[in-house]
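Presented below is the structure to which this report refers.
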4 protein chains.
Amino acid sequence: MDLQQIVDDTWNALADERGCGTPARYIPALAEVDPTKFGIAVATRSGEVHCAGDTDEPFSIQSISKVFVLAQALEREGLALWDAVGREPSGNAFNSIVQLEREKGIPRNPFINSGAIVTTDRFIGDRGPDEAVADLLAKLQNMGRDDDIGIDERVARSESETGARNRSLAYFMADFGRLLNPVEDVLSVYFRQCALALTCRQLADAALFLAFDGCDPVTRERMCSRERTRRINALMLLCGHYDNSGEFAFDVGFPGKSGVGGGILASIPGRATIAVWSPGLNRWGTSLLGARALAQIADRTGWSVFSGRLDEI
Amino acid sequence: MDLQQIVDDTWNALADERGCGTPARYIPALAEVDPTKFGIAVATRSGEVHCAGDTDEPFSIQSISKVFVLAQALEREGLALWDAVGREPSGNAFNSIVQLEREKGIPRNPFINSGAIVTTDRFIGDRGPDEAVADLLAKLQNMGRDDDIGIDERVARSESETGARNRSLAYFMADFGRLLNPVEDVLSVYFRQCALALTCRQLADAALFLAFDGCDPVTRERMCSRERTRRINALMLLCGHYDNSGEFAFDVGFPGKSGVGGGILASIPGRATIAVWSPGLNRWGTSLLGARALAQIADRTGWSVFSGRLDEI
Amino acid sequence: MDLQQIVDDTWNALADERGCGTPARYIPALAEVDPTKFGIAVATRSGEVHCAGDTDEPFSIQSISKVFVLAQALEREGLALWDAVGREPSGNAFNSIVQLEREKGIPRNPFINSGAIVTTDRFIGDRGPDEAVADLLAKLQNMGRDDDIGIDERVARSESETGARNRSLAYFMADFGRLLNPVEDVLSVYFRQCALALTCRQLADAALFLAFDGCDPVTRERMCSRERTRRINALMLLCGHYDNSGEFAFDVGFPGKSGVGGGILASIPGRATIAVWSPGLNRWGTSLLGARALAQIADRTGWSVFSGRLDEI
Amino acid sequence: MDLQQIVDDTWNALADERGCGTPARYIPALAEVDPTKFGIAVATRSGEVHCAGDTDEPFSIQSISKVFVLAQALEREGLALWDAVGREPSGNAFNSIVQLEREKGIPRNPFINSGAIVTTDRFIGDRGPDEAVADLLAKLQNMGRDDDIGIDERVARSESETGARNRSLAYFMADFGRLLNPVEDVLSVYFRQCALALTCRQLADAALFLAFDGCDPVTRERMCSRERTRRINALMLLCGHYDNSGEFAFDVGFPGKSGVGGGILASIPGRATIAVWSPGLNRWGTSLLGARALAQIADRTGWSVFSGRLDEI
């Protein structure tokens, strides 16, 4: 299987549709991004990254950061994290507060906003918020093999200024006594993690541990236990795209996590990671072209976990 | 990989815990089943079925029938089925009516009761209910390679007598105009499909098409299109166990569907199907021992789709 | 205060607007009613009934029947009725099933459909459904001083045929074990009580006990205890018009109960009862012209309980 | 009718039960109040105030302040206020956020917390928050005929520190664009209005306009239009006690508004206002002894609007 060929073919087959979908516009920094950007990066066990298109330009990874913070929070808290956040699909729009009330302030999973906020709270632990952000950044620079990985402070500020819904969720959980740190501290980390800016290449690299049972397959450094990695992959497949997760599972067939910046990170256990980027979103907030690129790659590679051709390749 | 050995080892490792969990008691016929029954059957591409324990005694497959009816309804209706029922996880208890109201009588997926009822309605189509049941039975006898497969009429009657919640769901959808057939006709099929009685061996056989892109790998007969089969597998992984689907996905790692009779059917695309049976349930209505048996098999075989060891075996 | 003059003036002031609003059309018998019908009847302590317009033509009283069945159920069950149904406003559309799930099958009050169904169940008690209907009818003929009061069987049949939502509610409660009688028995009474046909004159007469602490002020016959009557009046003011109760309370200012047949029954404790009829409804299912007639009468008489002029007249 | 006698008798009849119920403890200043305090003050048209017990000791009026802020907001905004907040009973616990989501950030009525917060926002208008508080205080000093009426700043601070749920509600509405002022500005006024401290005597005096169509019956000064006053009375009867409003309406039978400080303010249109105070609350947050005192007064005076004896006294 010539992965570079598949990546190139996929990019070329979809290039004419660059600009489709609707970019997020709720903050200026996202609205200003060139909507025709389109990049695909596939990282494999060997550390080789197969790229096509805009794979060396940083973009705001937004909710994709939830994957990395979850991995770090699990390493800090272990199973105790699951007392604070559930592990089941949500079945409601990503920012719904109804289920949160019904379930007494315990979010359904770490990938809806409320669940990500409480995960961030546990990730902070007893450090200060700034130290937590510094640690997260250092980790990503290490995993992404690039010290240039940083936070777009302008995006972070905008997130905070427009973050009424997230503030509401955080105070709601605080009212149930679910947060260990002050609400504004938790949010200050949360808004900064959403503003992490990575290139497709950096992102695919940084996530390789997901596909290889928690170890970076190149450096053999362990990032996450085998079991926790399996958990994260399961959560990505079941809950990685809010109310569009079922559709994504069918179309693509492997774990993924989308962000409203137009990025999608996918993990194909035992095989590869993929980062795609195209700013236009579908109605559920997932990159339209990105999801199609992943579906094409799934089709060409037979990597969908729901396809019986699995062992024919 | 010696599958028979894995099956035997798994059965032996768990045999002492037969009787754990709580069998369904809402109808006499289920309450009377010997709670220590325990069977495992693994069917593979060659048609060989690896068995251990009580694999030749029929049990009430209950909600596992939803998988077969979904496959048949898709063959009859095609994509139009998805106008009547969604394809996303539910995030509520399996019989919740709240989401149904919010979404105007369109159930979230075919594996919650409301979604299964509307799927049954479409499966009936313009046939009478008795003809629909006869067709379903014939199909299962064919796929399960056994003309003895039948319906436990006593269970069916009990289901109808105790079926107030399902009646409520059906009338609720009827009020939104979501059913094509009279409510009682739909329910009469639904209650009978739940009362289908199969052995583990028959069940694993009958489901082989799920693991092989829609074809019976032995007879090469096509039961379901490749794409629809992929869809069913995705739905099983994401929604096959109600509010326990996330946990099951992590523990087991391949598509499955549970029934309150204590059976679980699993599909491992490209590899095998597994039917397990043990009447004691966990709090979400999934067979306790059955789920553990599947987790052990997943561990031994490396079949979890979330594990990076996938290609090492 | 010349009540006849007030009634006449009100009728004349609104006569040009007959036909406004939207008549209920969900069953043929209601859709066929002449939409320009308009009647006002005010019954007072002396038994005198002040009438204007179409006050001698029977109409389908629909949900107004809930008031009479509640009074009868309270007489049969006493305080035990309140174990089965609540006494608080609902805050949701009249047929919502959400709150019913949250509160485990106990409806919020006797005037939403679910609450009326369980009230009917308790009214039936251990009689058969037909005997219960016969008793209700006899009571209404007595209170309404007219043996012609009857049930429109065609309406009752149509109610049953189109009653999917009410069936859903009833089976839902049955699933929680909230009904003492078989669902279809309860519904057969419920659909017939909704089909009771009374004239404005009969209706105002039959309800006089509500305004006079439970006694018919003419015959001095006690229909309901003083305390229960007070309870019914309170419920009518707080919950008599579904999600339009707050508006009605402000506009009119005394207890009332509307029906989708276009009737409204009002009780002004210590003073009078009023029955109005005009088929066109507002968006909450209350007679548009009927509510305006009551508001005008409230304005002229100073009978609003929220107005400080109360003692000036 | 000797009102002073009724007030004295009521106080004496209930004096032995002082201390019953559970005082609010969520902030220290409330938890420290002597739970045996018990006062009743009835103000009439002439300006005479009939008192018994602790009627000259200020207490935290908490949610009773919502009545005064509503009156002021209506005077500022007129009918436009009703675009921002509904006028129907809520049917959920007082701080529920579910209905708020369903209805896109528009609270059901001005007496649930979310509705009071948006009412406060409109009351502030384009003044600064401090000026709004100063104006509110001046108004209450004028209506309560006492310049000593003030705000307990310690209570206000505690409210703010423990106000996570209210912050959540406010940010939730802000996310829907429902607030004109910054969230923290609105809350700073809201927490201070809740901390208003009045005696029973001052409170009964300050509210007299409610019972007399918007005018202070002593000074003849107009505080609120006739129609708006009627609206406020209707809202108090239907929504003044959260999920206990139906019970209160039956037991007492006239408009009232409770606060978790143990006060209840009642308005009997055309007759009087009553302020009662006893810190122990029932499970819905209404003063237990206070509600019983009002029920006894209603019984003795015949002032319940649901009783047919109305004109017999």
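Applying a threshold of 7 Å to beta carbon distances and a minimum spacing of six or more residues, or different chains, the list of pairs starting in segment B:220-249 at a residue that is more than 8 Å from chain A (Cβ to nearest Cβ) and ending at one that is of a type in the set (S, T, N, Q) reads B:M236/B:S267; B:G240/B:S258; B:H241/B:S258; B:H241/B:T286; B:F248/B:T286. A single member of B:A24, B:A52 is among the aliphatic types (A, V, I, L, M) and touching a Leu at 6+ places or on another chain (Cβ under 6 Å), and it is B:A24.
Apart from one condition, A:C215 fits all of (1) within 14 Å of chain B (Cβ to nearest Cβ); (2) out of contact with any strand residue (DSSP E or B) (no Cβ under 6 Å at 6 or more places or on another chain); (3) open to solvent by 10 Å² or more (accessible area, probe 1.4 Å); (4) of a type outside the set (K, R); the exception is (2).
Selection of helices (runs of 4 or more DSSP H) fully inside segment C:1-115 by the criterion of at least 3 residues being of a type outside the set (G, A, S), open to solvent by 20 Å² or more (accessible area, probe 1.4 Å) and within 14 Å of chain D (Cβ to nearest Cβ) returns C:98-102. Taking C:S287, is it touching a residue at least 12 places away in the same chain (Cβ under 8 Å) and within 13 Å of chain D (Cβ to nearest Cβ)? For C:S287, the condition - touching a residue at least 12 places away in the same chain (Cβ under 8 Å) and within 13 Å of chain D (Cβ to nearest Cβ) - is not met. Check segment C:47-67 and report whether any residue there is free of Cβ contacts under 8 Å to residues at least 12 places away in the same chain and more than 16 Å from the chain's Cα centre (by Cα). Checked segment C:47-67: at least one residue is free of Cβ contacts under 8 Å to residues at least 12 places away in the same chain and more than 16 Å from the chain's Cα centre (by Cα).
Beta carbons closer than 9 Å, at least 6 apart along the sequence or on distinct chains, never pair a first residue in segment C:296-307 that is within 10 Å of chain D (Cβ to nearest Cβ) with a second that is open to solvent by 10 Å² or more (accessible area, probe 1.4 Å) and among the polar types (S, T, N, Q).
Within segment C:208-229, the set of residues being touching a Leu at 6+ places or on another chain (Cβ under 9 Å), in a loop (DSSP other than H, G, I, E, B) and polar (S, T, N, Q) comprises just one member, C:S225. Among the residues in segment C:258-271, are any surrounded by 21 or more Cβ atoms within 10 Å (Cβ to Cβ), within 11 Å of chain D (Cβ to nearest Cβ), at negative phi and among the hydrophobic types (A, V, I, L, M, F, W, C)? So far as segment C:258-271 goes, yes, one or more of its residues are surrounded by 21 or more Cβ atoms within 10 Å (Cβ to Cβ), within 11 Å of chain D (Cβ to nearest Cβ), at negative phi and among the hydrophobic types (A, V, I, L, M, F, W, C).
For segment B:203-225, name all the residues that are in contact with a Ser or Thr (Cβ under 9 Å, 6 or more places away or on another chain), of a type outside the set (D, E) and over 19 Å from B:N109 (Cβ atoms). Passing the criteria: B:L203, B:A204, B:A206, B:L208, B:F209, B:A211, B:F212, B:G214, B:C215, B:P217, B:V218, B:M223.
Residues in segment C:106-150 that are within 25 Å of C:T286 (Cα to Cα) and charged (D, E, K, R): 1 in all.
Scanning segment C:84-118 for residues that are of a type in the set (S, T, Y) and touching an Asp or Glu at 6+ places or on another chain (Cβ under 9 Å), we see that the one that is nearest to C:N244 (Cα to Cα) is C:S90. Cβ-Cβ distances below 7 Å connect the following pairs, each with a first residue in segment A:140-157 that is over 24 Å from A:R45 (Cβ atoms), a second residue that is among the β-branched types (V, I, T), and a separation of six or more residues or different chains: A:V155/A:I27. Number of residues in segment B:158-169 that are under 21 Å from B:G125 (Cβ atoms) and at the interface with chain C (Cβ under 8 Å from one of its Cβ atoms) equals 1.
The values are calculated or read from the model by the stated rules, or taken from the named source; none is laboratory data. Note that the structure is a prediction, hence the values are computed from the model and not measured. Cβ sites come from the backbone with ideal geometry, for glycine too, and all protein chains shown count toward neighbours. To get the accessible areas, we keep the full protein, side chains included, count just its heavy atoms, and leave off ligands, DNA and RNA. Shrake-Rupley method; radii C 1.70, N 1.55, O 1.52, S 1.80 Å.
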